[in-house]
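First the structure, in the form of structure tokens, and then the observations on it.
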Amino acid sequence: MSTTANATPDTTRRAPGLKARHIHFIALGSAIGTGLFYGSAGAIQAAGPSVLLVYLLGGAVVYFMLRALGEMAVRMPISGSFAEYTRRFLGGWAGYITGWMFAFEMLIVCLADLTAIAIYMRFWFPDTAQWIWVILTLLIVGAANLASVRWFGELEFVFTIIKVAAVIGMIVGGAAILVFGLGEGGGGNPLANLTADGGFFPHGAGGMISAFILVLFAFGGTEIIGVAGTEAEDPGTAIPKAVNTVPVRILLFYVLAIGVILLINPWRTITGEVSPFVQIFDTLGVSWAAALLNAVVLTAALSAINADLFGAGRVVAGMARERLAPRVMATTVHGVPVVTTLSLLGVLVVGVALNYALPAEVFTIVASLATFATIFVWLMILLAQVASRRGMSRQERTELAFPVPLWPFGQIFAIAFIVFTFGIMVWQPGYHTALLVGAGFLAIMSLLYTVTIGRRAARA
């Protein structure tokens with residue numbers, strides 16, 4: 001069946017407020033967060049130097065997922081983004097579950113970053129109560145999201161510049177150590193640390209596979225490009241440019257950065273007690289490295305909360321317009337979904353208290369929970385794009401302005417990789433809690449859909 005009607009401009013799309021530079025930096029910032037600055041240590045310990053291959057594989061999955069999302073977003077730049085695409089091409093239940101799973105993912109990541117900010121602020125203000133920093137953070141990102149789309153874009157633009165500068169500074173500093181023999185890590189064979197102490201695969205294939213969860217967690221949130229792109233002044237230009245830079249971003253900010261770290265420091269010394277980035281600056285003899293990195297990680301956490309709140313608010317508001325969420329959550333002021341944003345802020349205030357109750361386990365639990373939600377959303381995006389292609393005529397396929405590359409092999413690879421990652425969560429006991437919670441959330445939301453949306457459809 002042809003879907004030509006779906007390709008027409010959608011009346012639910014709001015007046016755009018983001019320029020191309022905003023979309024570029026939102027796309028860039030979504031890939032650089034606490035998962036890189038701190039979470040990379042856990043992935044290195046799990047896989048050793050072979051973690052570089054994991055980042056490359058994960059980056060390929062992200063690229064094909066974003067190209068699938070980009071194809072649909074350029075063709076149909078509508079409010080609700082992938083939640084609406086899955087509803088149109090996979091059915092009402094799929095759209096409902098995808099939207100709420102994305103909101104679930106964003107809130108969980110926000111809870112982790114909120115707690116992280118409160119902990120990081122102890123560095124400078126050890127005697128100040130943590131809840132003060134949590135409230136201050138919520139006020140900052142809440143104001144940015146409630147003010148206007150443009151203000152959100154400007155704040156994320158500044159945050160991302162700081163994060164990018166920190167990563168580039170680390171790469172340049174690491175290169176100086178390797179080329180000029182500076183600091184404690186200078187001299188000798190620069191490739192020795194990639195093969196010493198167990199070789200490139202010190203824990204075998206199992207160790208490499210076990211790092212997949214942590215690496216995909218680091219890439220979580222990149223799908224916000226599709227949400228932000230619908231707010232662009234020219235989605236047909238902004239979205240392709242943002243999506244096509246994903247391979248460069250992953251190579252530069254993950255593979256190159258982690259590669260420099262592994263070349264300078266033996267992988268067993270990267271324990272996570274301090275950020276791997278701090279270790280680079282320490283090797284250079286930069287005494288103020290801890291303070292610098294603390295400021296950068298604070299910025300990364302603020303950026304993540306800012307972007308996640310924006311994305312979740314837009315998706316839930318789009319669902320509300322389709323009566324897949326309470327209609328009041330579709331209320332907008334100057335294009336901003338104020339009721340949805342305020343509701344999400346309220347949930348975060350309640351959730352922070354729960355976050356404090358499990359201080360020792362919370363980040364491991366949050367990372368695995370967020371990964372389950374993230375790869376589920378990615379899977380639904382990929383399946384929706386495949387379904388949309390099947391519903392097109394041959395002419396519609398040839399007229400696509402931004403078609404996915406290597407069709408259909410790239411999509412098959414990405415879908416298979418995600419299914420394999422779910423299998424890892426079944427295989428490794430440490431992820432069983434996240435798997436059970438994620439499956440429980442799916443079951444509860446499916447029941448709610450049946451009781452509310454299903455009955456409404458039956459009456460109609």
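The values are calculated or read from the model by the stated rules, or taken from the named source; none is laboratory data. Please read these numbers as outputs of a predicted model, since none were measured by experiment. Counting neighbours? That spans all protein chains shown, and the Cβs are built from the backbone with ideal geometry, glycine included. Accessible surface areas use protein heavy atoms only, side chains included; no ligands, DNA or RNA. Shrake-Rupley method; radii C 1.70, N 1.55, O 1.52, S 1.80 Å.
Put ASP113, ASP127 in order of accessible area, largest first, 1.4 Å probe: what do you get?
Of ASP113, ASP127, the descending order of accessible area is ASP127, ASP113.
At 7 Å along the Cα-to-beta-carbon direction for both ALA129 and ASN244, put a label point, then send me their distance in nm to one decimal.
The modelled label-to-label distance comes out at 5.3 nm.
What length, rounded to one decimal in nm, is gained on full extension from ILE140 through to ILE119, with 0.36 nm per residue of separation minus their alpha-carbon distance?
That works out to 5.8 nm of additional length.
Could you work out how much longer the chain between ARG268 and ILE168 gets when fully extended? Use 0.36 nm per residue separation minus the Cα distance between them, nm to one decimal.
33.6 nm
Provide LEU293, LEU263 ordered by accessible surface of protein heavy atoms (probe 1.4 Å), highest first.
I get LEU263, LEU293, largest accessible area first.
What's the extension gain from GLN428 to VAL451 if we count 0.36 nm per residue and subtract their Cα-Cα distance?
4.8 nm
When only the heavy atoms of the protein chains count and the probe is 1.4 Å, how do VAL141, VAL333, VAL339 rank by accessible area, highest first? Write down the numbers at each step before the final one.
Numbers: VAL141 0, VAL333 70, VAL339 40 Å².
From most exposed to least exposed: VAL333, VAL339, VAL141.
If you take the beta carbon distance between ASP197 and LEU251 as r and set R0 to 30 Å, what does 1/(1 + (r/R0)^6) give as a FRET efficiency, to the nearest 0.05?
Numbers: r = 25 Å, r/R0 = 0.85.
With R0 = 30 Å, the Cβ-Cβ based efficiency is 0.75.
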